[in-house]
Structures are given as structure tokens and as C-alpha cells.
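Here the structure is laid out as C-alpha cells; the discussion comes afterwards.
The values are calculated or read from the model by the stated rules, or taken from the named source; none is laboratory data. Please read these numbers as outputs of a predicted model, since none were measured by experiment. Neighbour counts are summed over all protein chains in view; Cβ atoms, including those assigned to glycine, are modelled from backbone coordinates with ideal geometry. Protein only, heavy atoms only, side chains kept; ligands, DNA and RNA dropped before computing areas. Shrake-Rupley method; radii C 1.70, N 1.55, O 1.52, S 1.80 Å.
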Amino acid sequence: MTEAPDGPVAHAEPAGATHVVPVRVLARVWGALLVLTLLTVAVARVDLGSLNLDLAMLIATVKATLVVLYFMHLRYDRPILAVVFAAALLFVALFVSITLLDTHAYAHNLIPDYGPALPK
Amino acid sequence: MADTRTHAVAHHFDDAEQQREAGKLGMWIFLATEILLFGGLFCAYAVYRSNHPEVFIYAHRYLDKTLGALNTAVLICSSFTMALAVRAAQLGRRRQLVGLLGATIALAVCFLGVKGIEYEQKWKEGLLWGAHFHAKLAPAPPALPQTLPAVPPAEGEERSLIPPAATGPAGLARPGRAEVAEGAQGPPHDVQVFFAVYFLMTGLHGVHVIVGIGLLTWMMVRAKRGEFGPEYATPVDLAGLYWHLVDIIWIFLFPLLYLIR
């Protein structure tokens, strides 16, 4: 899925009209997205332990990346738009990870022997 | 017809290029706020799932994987037709643009229809949020009895088998549950939490789909009037960006809710 001529050219001529993504590229991305959907469903049938979640998220991230780069033509746009997008992702990642750190930082029972305790 | 367009360049922009880029930047900033909005729900999901993995493992079996996968495919196809519609707008192909917008709207309606079937099933079975939850839970859902580990594995690790010795000051906290030993065959506690998360996330996503249908209809009306062409396709482009983001959110919701293992 490397359409090398498109990207650099689009940036090289900012005066021109908006970059039009070729149908061929869009169709390939569409096909890849459908294949990846089938793949993620198939992978979920196999028990891989904690790897299942990682794989599902990896596939979803690849799909989202394809949508962002080609359907949302971020690949052909000015980098500032990618910065805005990446900033949003960064802050969501910070938000989720710090909250998860926090939620795991407490004992189950603040009053000793009151609530169900963790096994020693 | 082209000369009757009124939206050449607004007076505060130097040229069409600047206007177009400003519009895109504004849309991406809006999409960033959308990502943060859903980020809150993804965070809630992560907290509940990490604290109660057994609830998620157990309860996700009540969701229909086939319908979920079908809806994923439907949204991906709608994203494809939307991307083609943006292309048609940029190339000034009016009839193609109207057709592709119509196809996108049809697929969006199809998505909502499938979602409606799923919601109806949950509603009938009482698989709802919080206090509305009144489903009769089986150790294993009848649909997939063979794949279900009847004992939620995380439960034993999480709760002590020893009943609490003291009950503490009244009203300060509720005593924890200590019925793990005999309740090993039953469903985990607080299954309704999963359905609260499910309805919140898919519901907010569904609202976005409805808004998207409105936007695309508006774009279709304007496209029929011949407002868009190579010089002016920004509204279609921006509606497309919104629609693709709705697709991306579903791309993450589908494995997180339907494909838990």
C-alpha cells in the first residue's frame, strides 16, 4: 500500500487544488479493512490468553491508521493536522493510563478485615 | 452555474487555499475534542475491565458477534463510499457525488437498523444498565455453552474466601461479599456494569451516527443544488472526516465489546 508518488508530490505543490486520492488506493484500503475485520474475528476464536486483547487492539489500530491516512487523507495533508490528531491521542493515552495506575493503587478494604481482602 | 456560487472566499481569508486549510484545521480540532469525549468512556471501560475482568468475559457472550461484525463491515463500506464521495466532490462529478452520499446514508441507516435489532434483544432479555438489569443469568448463555468456562477465573483471585471478621462502623461501607466458595458456578456479580458500559459507548456512538446521517443529508441537498466542485468541496470533505471518525470509534468498540476473550 505504498503510493510513494502521491505524498511528496502533494506537499511539493501547495498552490495546487486539494489532493484527490486515487480510487485504486481507496479500494485497496477498503479491502484491507474488511480483511482485517475478518482477521480480528478469527483471532478472537483462538484462546491466546492476554495476547488476545493485545492482538485485537493492534488490528484495530492498524485499521484506524489506514482510515486516518487514506480515507481522512492525513497522509497528504499538512503536518499540523497530524499534530492535532496525535495530541488528542496522547492525552487520551495519558488519561487512561494514569487513571489505571490510580485505580490499582488502592487496597480493596480501607477498613482492615472489613471488605473482602486480597489473598496474602 | 459555477459563477453563481456565493462562497468564493470569505473576506477574512487571503485566498481559497487558506480558507480550505483553516476549515480542515478547525475540523480536526473538533475531532480531537470528539476523541477526548470518547476517551472518557474508553477510560471507564478500561477501569471497569481491569478491576472486574470476569464480568466482561462473562457478559460479552450475550452480545451477538455476527451482528457486531456485520455492522463493522457496514461502517467500513460506508467509509469507503464517503471517501469516494469526497473524491467525486473534488472532481466536480455531481451525480456521482449525490449517489455516493446516498449510499453512505443508506449504509448508516443499515447500521442503525442492526443496532436496533441488537438493542431490542437486550431490552427483551433485560440485559440493561444499573437498576434496570433484570435478566435471568445462566452459568453459561445457551448460545455458547461449550466455550464458557463456568467459573469466572479471576473471581477466586480477587476475593477472599474468609468472611470478614469485623463489620466496621455502620454506614461507612457495605460489607463485601464473601460467597465465593459456593457461588463458583453462578454468574459473576454486577454483570449490569458491562451493559451500562455497552449501552453508554454504543449509545453515544449511535447518536454520532444519527448526527452523521443528518450531516450527509444536508450535504446531499447541497450537492443536488450543485454547490460543490473542484474549487469548493470543503463541506463534503469535513463531513467525510467526521464520518470516518465515527467509523474509527466503532473499529475500536467492536473488539472491545464483542470480541473479549
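The table below gives the values:
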{"quantity": "Answer residue from the stretch B:33-46, given it is buried (at least 17 other Cβ atoms within 10 Å of the Cβ) and hydrophobic (A, V, I, L, M, F, W, C) and is farthest from B:GLY203 (Cα to Cα) among those", "calculated": "B:ALA46"}
{"quantity": "Residue check for A:LEU81: open to solvent by less than 70 Å² (accessible area, probe 1.4 Å), part of a helix (DSSP H, G or I) and at the interface with chain B (Cβ under 7 Å from one of its Cβ atoms)", "calculated": "yes"}
{"quantity": "Answer from B:ASP64, B:ASP3 - the residue that is within 26 Å of B:LYS224 (Cα to Cα) and modelled with pLDDT under 95", "calculated": "B:ASP3"}
{"quantity": "Enumeration of residues in the stretch A:36-78 that are under 22 Å from B:PHE80 (Cβ atoms), among the polar types (S, T, N, Q) and open to solvent by 60 Å² or more (accessible area, probe 1.4 Å)", "calculated": "A:THR61, A:THR65"}
{"quantity": "Hits in the stretch B:185-195 - residues which are assigned to a helix (DSSP H, G or I) and open to solvent by 20 Å² or more (accessible area, probe 1.4 Å)", "calculated": "B:GLN185, B:GLN192, B:VAL193"}
{"quantity": "Selection count, the stretch B:196-206, where residues are under 10 Å from B:PHE38 (Cβ atoms) and open to solvent by 10 Å² or more (accessible area, probe 1.4 Å)", "calculated": "1"}
{"quantity": "Number of the exception - B:LEU91 against (1) touching a residue at least 24 places away in the same chain (Cβ under 8 Å); (2) farther than 24 Å from B:VAL193 by Cβ; (3) open to solvent by less than 30 Å² (accessible area, probe 1.4 Å)", "calculated": "(3)"}
{"quantity": "Residues satisfying the stated conditions in the stretch B:249-258, i.e. at the interface with another protein chain (Cβ under 7 Å from one of its Cβ atoms) and either surrounded by 24 or more Cβ atoms within 10 Å (Cβ to Cβ) or closer than 15 Å to B:VAL211 by Cβ (or both)", "calculated": "B:ILE251, B:PRO255"}
{"quantity": "Listing of helices (runs of 4 or more DSSP H) fully contained in the stretch B:1-101 that carry 1 or more residues being acidic (Asp, Glu)", "calculated": "B:16-51, B:53-59"}
{"quantity": "Odd one out for A:ASP47 among (1) assigned to a helix (DSSP H, G or I); (2) at the interface with chain B (Cβ under 8 Å from one of its Cβ atoms)", "calculated": "(1)"}
{"quantity": "Search result, residues across the stretch A:20-35 that are more than 9 Å from chain B (Cβ to nearest Cβ) and buried (at least 18 other Cβ atoms within 10 Å of the Cβ)", "calculated": "A:VAL25"}
{"quantity": "Subset of the stretch B:207-229 (residues that are open to solvent by less than 10 Å² (accessible area, probe 1.4 Å) and either modelled with pLDDT of 95 or more or part of a loop (DSSP other than H, G, I, E, B) (or both))", "calculated": "B:VAL209, B:GLY212, B:LEU216, B:MET219, B:ALA223, B:GLY226"}
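Condition check ((1) out of contact with any strand residue (DSSP E or B) (no Cβ under 9 Å at 6 or more places or on another chain); (2) surrounded by 21 or more Cβ atoms within 10 Å (Cβ to Cβ); (3) more than 12 Å from every other protein chain (Cβ to nearest Cβ)) across all residues:
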residue	(1), (2), (3)
B:GLN18	yes, no, no
B:LEU25	yes, no, no
B:LEU31	yes, yes, no
B:VAL55	yes, yes, yes
B:GLY68	yes, yes, no
B:ILE105	yes, yes, yes
B:GLY116	yes, no, yes
